[in-house]
Each structure stands twice: as C-alpha cells, then as structure tokens.
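Novice: Below is a structure I'd like to ask you about.
The values are calculated or read from the model by the stated rules, or taken from the named source; none is laboratory data. On a predicted model such as this, the values are computed, not experimentally measured, just so you know. Every residue, glycine as well, gets a Cβ built from its backbone with ideal geometry; the counts of neighbours run over all protein chains shown. For accessibility, only protein heavy atoms count, side chains too; no ligands or nucleic acids. Shrake-Rupley method; radii C 1.70, N 1.55, O 1.52, S 1.80 Å.
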Amino acid sequence: MKLIYHPKQSTFKDLFKKYGLNPSDETTLFLLPDVSVVQEIEDCYSGEGVWGKNLLTFYELSDFVNEASPNLKKKRISRTQALSVTRKAAESVSENLEVFGEFSQNRDFLNATASIVSKLKQSKVSMGEFVGSAKRIKARGLRKKLSDIGLVYEKYEALVAEKGFLDDADSVRVVSEELSREGLAPFFPSAKRLVIFGFSDFTLCELDVIKSLSSAVSETFFFLSDFGDLDEYRNCLLGRFSEASVAYEEDFAMTEQTPATETQREFGEFRDSHDEIEYVSRTIKKLILDEERKASDFKVLVRSAQKRGRSIVNIFEKNGVAVDLRNSGTLAGSAYGRLAGDILRLKSGNFHRNDLIALLSNPLFVLYLKEPDLSRRCINLIKETSSADKKYRTVSGIVGWKRILEHIAEQDPQLSEVARDIGLALDSVSSKFGRRSFAAMTSDLRKIFSELGVSESSALLIEKNKTTRECFDEFFSFLRELSFSYDEFDFRVSDSGEYLLFLDEFMGERTVPYKTPCDADSQRVSVIDFSAARGINPGFLFLVGLSDTSFPSALPLDPVLKLREKVEINRALKKRVFDEEGFHYEKEKHLFSTLSASASEKVFFSHFRYDQRSREINPSDFLEEMGISPAPQSSESEVSPELGEIFSREDALLHCFLPSGAGNGDPEIVEVLSQYYGSDIVGHISGGISAERKRLEPEGDYTDFEGVLRNAPSPPDTFSPTKLETYGTCPFMYFSREILKLGMVKDPEEQKASQLDLGSLAHAILKELMETVFAEGSDLPQASRIFDVYEKLRKKYETKPGFFSHLPKSVAEMEKRRFFDFILPNFISDEIQRIGKDEFIPRFFEKNVKFRIANAEISGKIDRVDVHGDSEENAAVIDYKIGGLSDRKYFDFKNLQLPLYLRALLEEGVTPSRGSYLSIGKPGDSVLSKDLSLNEAVSIAEYYVENIKKGFFPPYVGKKEENQETHSLKMSKNRPCSYCDYVDLCRVKDGAVRKTGHSQG
C-alpha cells in the first residue's frame, strides 16, 4: 500500500484530477472520514452523476455489508443503546466492584466506562488482555480500577453476544472479517480501485478493514496531508499501521512541489462572539451582492457548533443569509426535543406558570390546537390572567390551571373549544410519568406525542421550513431506539425530572442538520464543526472563535481514568488505546494548518476577546506560530464590518449600538432611524450612544454612567451606619438605592417569604420577648417561662398580614412552620443558654442613638444593648442578622455598624465593652470583637460622607483608599456584584481604569 503525501493546499479536486479519479466511476470506491466530506464531494461533482454507493464512511460501509451479507443477522446499535447495555452490565456486577460499586448507576461513570470499553474494542484489546495488563502496573489504586472496568467489560460483551448486537467497534470488525472471507464481489462487484482521503487517525479495527479492502482491489490511493515537522503525530499514526501489520511505502513526490497560488489570509479580533458572527455574515452578504458569489462558495468553521448554532442562525437570518448547519444541531434543540422538554418540565415543576407558557408556545403544540388565531388569543389570555389577576398569580398544579381555563371559556365562548383542548392535554400530562422506570416514561412520552398529533403536525412544520424531514425521521427513530433499549435494559428513575436529565443527555448526542428557509433558487452557507471539515475546499473559508481553548481543544475530562493513568495503561498494553497530550496537540495543530490552507481564494481567521461572562479569552497559540496576526489598527477601534448598504431598521440600530459598529452620525443611519422614530428620538439616541461608547473605553475619565455626578444633589445631613456600609460595599449601589431611590423588583413567581420580611418579623418578636422576660428581674428566667411568652407572641404574629399572606396556602403553611417551629425557637434556645453563661444581661431593645461626626450626624437603632451584671455603665451591642455571617466582620471598610453604635453609646457616657453580630438563621454563628476601633470607624464614616457630598459613586467594590476620587481606579465586576440588585444597571464588566473624579461624559 502506497501512502501518498500531499501539500496541505492540495484539495480532493486537485488530487482526483492529478491521478485520474472520478467519483462517478463505479469501479472506484472512496473511503472518507465523515458525512460532511461525502456531501462536499457530492456537491462538487453533482453535475457528473455521482454514484452514491461508492462514497463511503466506515459507518455506511458496515451498514451496507451487514445488510447485504446473508451471514450477518445481527442488529446495529447506537451509542445510546450501547449505553443501556453498559448500564445493565454495571448493575449486574455492582456488588463485585471495589472502587466504583456505589457509582455503578451514576451517569458520568456509565458514560466514561462505555467510552473506555469502546476504545478497548476498537484497539482490539480483549477483556483478558486488559485485566492482565494490571500486573504490569505498580499503582494499587489503578489496578483496582482496571479490575472493575474489566468486570463491566466482560458482562457487556456477554450481553452483546447474547442479544446478537453490533456496537460501533463490532460493526467495523465484522466488515473486515466478511471482506476477508467473501471478498468485495458480493458487495461491490465492479470495484477495482480504492481511494482513501481526509483521515487524521485510524483505529486498529478500521485499519483491518482498509487492509481487507486494499487486498481485494488492484490499486489503492491512500492520500495523507503532509505532516511537516509534527514528528510525534507522524510516528504515532505510522506506529498504528505497524500494530495492524499493514505494509506500506511512502511517496513524498507531491510535497516537494511548490503550490501554484498562495491562499490569501485575513485576521480579525472582536469584542465578543456576537460581533464576530455579525462581521462574518455581513462580509458574506457583501461578497454575494457585490461580487455575485454563490452561497456555496463559503464555509464557516466553528468549534462546538452545536453550542453556538442558535446564535449563528439568528444573526445570519437577520442579515438575510440562509445557512445549513451540517450535523451541528441536536435533537435536544429541535422542535421535537423542545416539545419533550416542555412536557416533562411542566410535569416535574408541578405545572408552574413559566413551564406551562413554554409548552403553549411550542410550535407543535400550537398546531395541535388547530385554530392559530383563537389559540394565540387563548394563550395570551392565560398569560394575562395568571400575571395580572392576584388570585391566579401564584397558580401551580393541574387544578389551578383548569380553573383558569374555565374562567377564560366563560369570558369568551369562542375560546371554549381551544380551552377544552388545552385542558385535555394537561390532563394527559398529569396522568402520565408516574411509573418510575425509564422504559415506562418513554412509553408515556410516545403516547403523548401521538395524542398531540405530532406526526401529522410535522408535515406543516416541514412545509413552513420550521423543521426538516431528516430531523423528523431522526427523532422518531431515536424514540424507537429508546423503547428497544430500555425495554430490555430498563432502570429506575426517581421522577420525570430525572428522566428529562437522561433524555436531554441522549438527545444532545444525536446530531441533525439544520437549515434556515430560503428561496427555491437560492443556496445556503454551510456552517461546519472543525472536527468534521477535513477535505473541504470552498472559495472562502471563515475560521471563527480561534481561542486557546478551541485550538488546541482540551482532551475530554474522564471521571473514571485520569490522564496519567491512561498513559500508564497505554504503556502496560504496549498500544495507543488512549490519546496522550503530545499526540493530541500535534493532531490538532495538523488539523488547523490543513484547514488554514484549504480555501481556494481566501481564509478569514477571527477571535473574540470576551465570553458571555465577560471573562477574557486568549487567542490560539497556533495563530502566532503560523505568523497570523491582526492587521494594524488604531488603539481606539476594533475590527468592524463595513457599513455597506443599510438594509433595515435593525441594521441601523446594530450599527448604532455595537461597540464596534459604525458611527451613529452617518446620514444613512439617521435617515433610516428617523423614518421609524422621528428626528427628536434620533437626537436622544445619538447622545446616549456617544456617552455609552465613552463609558466602554477601557481607560479614561469617569462618566455619568458610572455614578460620578457633575452636580450632586443636596445630601442629607444625617446618615445611618447601614447606609454608610452600603457606600463602603459599593458607591454605585448607594447611588442606585439612596440617590435614584431604586428598589428591588420582587419576583412574582417566588414562592417563599423574603429574607427582609423574615428579618423584620424576627426583630419584632425578639424585641417583645426580651423586653417581657428580662423586665421581670435581672436573673435568667426559666426556659418554660420564656417559651410560654414565645407561644403567645407566635399566636399574635402568625396571622399578621404582610409576611406570609401573599403566598399560596400550602406554601404559606410550610414557611410558617419552618420559621415559627424551627428557626426562631432554635435561636432563642441557643441565645438564652449563651446569656446564662455571659457576664452581660439584655437591658435595652431597639434603642435609638445618634451622635455628631465632623461633617454629618450618625443616627441609628441598636437591636439590643446588654449591660454588665456588676456595672451597668459597661455595655455590649448586639445586632441580629437573619442569614449567615460569612461576609461579616466586626470592622472593616464595609462593616461599620458595631463600632459606630458603640461610639454613640460612648457619647451618652456609657463605657463600650464589645460588639457582636448574632445569626438568627444559624444559631451559634456569631462575630464578636473587643478591639473597638471606634476612632478608625468614625474616620471612615467621615470620608464616605465627604465623597457622597461630592457626588462620587463609582462601581468599585474594593477597599476605599483615601483621596481615591483623584487617583486611577480599576473598576471590575466581582463579588459581591454577583448578588447586587443593581448589577444590570451598573454593567461594569471587564475592568475599566478611570483617572479622575471629574465627570467628562
């Protein structure tokens, strides 16, 4: 067998032409790595009558041989089905597993073990050989792991043999055996030549097939892209040939030839992924319009396209470019997967409002309701009724929704039929998914799909380009597989929520093509995952998202075997079963360099700097190694799409609002926006955008958007310690809460009492309790007396409106029980015991205090003041907190309450002794200090008041340094911003350095 090395620039068209190969020739078999390469060749040679059966992948070849051979009656099983067999195998041997016994039904363990078993089989490692290799391993823990995996492997093989199944490894193996026994004649009688193209690696089972195919034809063309200086990759790949006993000779003649033309390159760097795809889609559209290119001239390559698929589709569709995400969508994201998820979330969430509305909005459910206009009206009424009418706001459970549907039918008789159909569907969901096994729940899901008429509705969705026939076939094939797999290999699931977790995982593994609608005469731009793109040859290629985590990609994490353990196993077996870091790195580099040279005209490389959480992302090291860098640009701008033609209002707004967009003063943009919004609004938009761009600059002066005011409002003369703590935590938080008077927006769907309400209630009860029991004398009262008083207070406050009355009755009862039966009694019991051992006795409750500092008055209310048993002039301050105290200290730049309260008592002639925070929700959790720091706290308070009066409110959560308003200050979002009520208003993201306190915005 001759290995023909070719330059990375050589495409399959170049190679086929040079060696006189044609995919329309029935005498030539083409073995290709992936369906995407098959599609690429079919598209290229579509006018020449490609004979489809001679363009093969290993998967298609095994299916073809399996179906055509009279000796093979076994059933090919998918990875999902193989996983069900692995689960059954692990369950059968769980009692004998030393390391993984308790994890035998854990999803992560099963996924990892199924993958390990598959790799062992593809590397032709038997169970005995695998377990035997443990003798050559020193680490005792790893030997035990091998023993456990070996037991599962042995049982798995027994089950597969018993049922007559073919998994991925077996299906390739039997092809080799059948070809060795029968030759090619029964399957491909005309075949005389074999072409192998586009592969990056092979398993031993695959090389056995290649050896059998090659021996059955007169001529083999085995094309490999030049390895360059990637010696480890080349040695590993050729070592695999030696392992498989494949004889070969190498032909380097083509690599010595100089390419006729050099592919053009362009590199762009963008702020985020949205900007990047926006640029790509607009560039493609511009080339299609201005240079009359066809959509098929373009390919967009993305790492993990499944994760970015929906975003890519939306941006391309908005810009009027149709896309074909070849095998980049998943069943989980399809209309069918979303319907299954909506149904199961509705059931597992006890028919929560948001889950119901999601189901009602599902396109397949809308088609089930038949009358689109009436259905839309009914759905809108359900949304309005359940959000506007207080009676229905917290509805959950099937009974509540049936009540709303009856109410809607009474209001509008035209909607009675639609309301009835919705009610029937809800009854069906309510009555199913009660049997706690995977097979039973799958059966229930299939029944609901049948009742909703999903098969019939699919024809309409396909007609409207909302789904595809391939997606429909794949989903229902998937459901049949689940029924087959888990009928024989059933297992228990606790509820519909756990079933959904399994289902989502399985659906996420099944890829389906996704195509956006386009005219009959139009074409689509292909979006492909990097890993499936070998062999492509477009005119223009876009490699996007080139970060150091996408190239090279990370080796997948394995919860069963660590990377170093896999290396040890490879050495013990003397085979490359698992990829190691060096080989993986060079394989990724080879893929990158090959793709970089695969366009016939131009390659666009791009990278974005920040992810969705505003974390900085580094560009791929491969870019620098290949000498690819961004074009020189001014420090104030990033790569941005050319303005070109303004197509719509959305286009105009895009150019206004994107940080990398065109200037908002462009006459074309002003004209488009004025048509929709009027010239006055355009003026406001223009001013706002200018200010926002100023705010987004990474360095510069403060702007009004950052809480630094030109003219600060007249500040009050009195401040509470709590408000000063807010300023110390974050000045912008103080600005939002105290200057703008913005309150927290409560979630109407939240079905529990708020921490603020519980804190107020606890403070009120504790005040009355302590006043009552400690007013009877200074001695510690009896526990029975304390709890008698508590029970009276409980009856008084339990029915008080405002704390629990807004909750559904069942939820309110549960919250009351938790608060009155556990939280408060536990705290009171713990606190009485603590007081009994202390020198201080509670004396004053919710005591009002105030005193003067240099520039303001400090005023507040102390929860409790305890006095010393021997001298009432010595006092301690107690402050209650309803939650935990992990973020609390006695004193620092954002904890001022205790020292300021103690300073107030000092002003009254009392001797301050100590200050303490006590947690009501976590009895025993406390913060106490006798190091009073009174003067230091007053100094910080004066500094905060000074800045408040200046109008200095930057979103800065660090320690406040003296004169910070005149120094450079780096503002960045981190804790406690994650929990701030004003995080959306503030929007400090990546870290901005500001140099002066004077507003320039």
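Novice: Quick one: net charge of LEU3's neighbours, Cβ under 10 Å, K/R +1, D/E -1?
Specialist: So the surrounding residues net to -2.
Novice: Figure the gain on full extension for THR718 and GLU873 (residue separation times 0.36 nm, minus the Cα-Cα span) and round it to one decimal in nm.
Specialist: Taking 0.36 nm per residue and subtracting the Cα distance, the gain is 53.1 nm.
Novice: What's the Cα-based Rg to Rh of the range 822-964, Rh via Kirkwood?
Specialist: Ratio of gyration radius to Kirkwood radius for the range 822-964: 1.00.
Novice: What is the Cα coordinate range of the range 576-627 on the first, second and third principal axes, sorted by size from largest, in whole angstrom?
Specialist: Computed over the Cα atoms, the extents are 39, 34, 18 Å.
Novice: Assuming 1.567 mPa s and 4 °C, estimate D for the range 1-157 with Stokes-Einstein, Rh taken as the Kirkwood radius over Cα pairs, in µm²/s.
Specialist: Once the numbers are plugged in, D ends up at 67 µm²/s.
Novice: Kindly list the residues of the range 1-32 that lie in the label zone of GLU60, defined by a backbone N under 13 Å from the point 7 Å along the Cα-to-C-beta vector.
Specialist: Residues passing the 13 Å test: 23-24, 29-32.
Novice: What's the FRET efficiency of GLU406 with GLU42 using the Cβ-Cβ distance as r and R₀ = 51 Å, to the nearest 0.05?
Specialist: 0.35
Novice: Quick check: the distance between the Cα centres of the range 109-129 and the range 883-932, to the nearest angstrom?
Specialist: The range 109-129 and the range 883-932 have Cα centres separated by 60 Å.
Novice: Counting other C-beta atoms within 10 Å, and keeping those with at most 12, which DSSP coil trypsin sites (Lys or Arg not before Pro) do you find in the range 104-199?
Specialist: Listed in order of number, the matching sites are LYS138.
Novice: Any idea how far apart LYS602 and LEU742 come out in nm if each label point goes 7 Å out from Cα toward Cβ?
Specialist: Between LYS602 and LEU742, the simple spin-label model gives 4.3 nm.
Novice: Another question about this same structure. Can you tell me the FRET efficiency between GLU624 and ASP108 if r is taken as the Cβ-Cβ distance and R0 is 25 Å, rounded to the nearest 0.05? Write out the running numbers ahead of the final one.
Specialist: Details: r = 36 Å, r/R0 = 1.43.
That gives a FRET efficiency of 0.10.
Novice: At GLU936 and LYS861, where each label point lies 7 Å from the Cα along Cα→Cβ, what is the point-to-point distance in nanometres?
Specialist: 3.0
Novice: Here's a follow-up. Over the range 546-635, one equal point on each Cα, no solvent: what is log10 I(q)/I(0) by the Debye formula at q = 0.17 Å⁻¹?
Specialist: -0.88
Novice: Here's another thing I want to ask about it. Taking 0.36 nm per residue of sequence separation and subtracting the Cα-Cα distance, how much length would be gained by fully extending the chain between ARG376 and SER180, in nm to one decimal? Walk me through the numbers before you get to the answer.
Specialist: Working: separation 196, 0.36 × 196 = 70.56 nm, distance 6.26 nm.
Here the answer is 64.3 nm.
Novice: Go through ASP168, ASP892 and list them by solvent-accessible area, largest first, probe radius 1.4 Å.
Specialist: So, going from the largest accessible area down, we get ASP168, ASP892.
Novice: Right, next: Roughly speaking, what is the stretch gain from VAL366 to ASN235, that is 0.36 nm per residue apart minus the C-alpha to C-alpha distance, in nm to one decimal?
Specialist: This chain segment gains 41.4 nm when fully extended.
Novice: Considering only protein heavy atoms, with the full assembly of protein chains and a 1.4 angstrom probe, order GLU907, GLU831 by accessible area, largest first.
Specialist: Ranked from most to least accessible, the order is GLU907, GLU831.
Novice: Along the Cα-to-Cβ line of SER200, 7 Å from the Cα, sits a label point; which residues in the range 87-129 have backbone N less than 20 Å from it?
Specialist: 115-116, 119-120, 122-123
Novice: Within the set LYS18/LYS192; LYS144/LYS574; LYS723/LYS889; LYS796/LYS837; LYS18/LYS124, which residue pairs have Cα atoms separated by over 27 Å?
Specialist: Pairs exceeding 27 Å: LYS796/LYS837; LYS18/LYS124.
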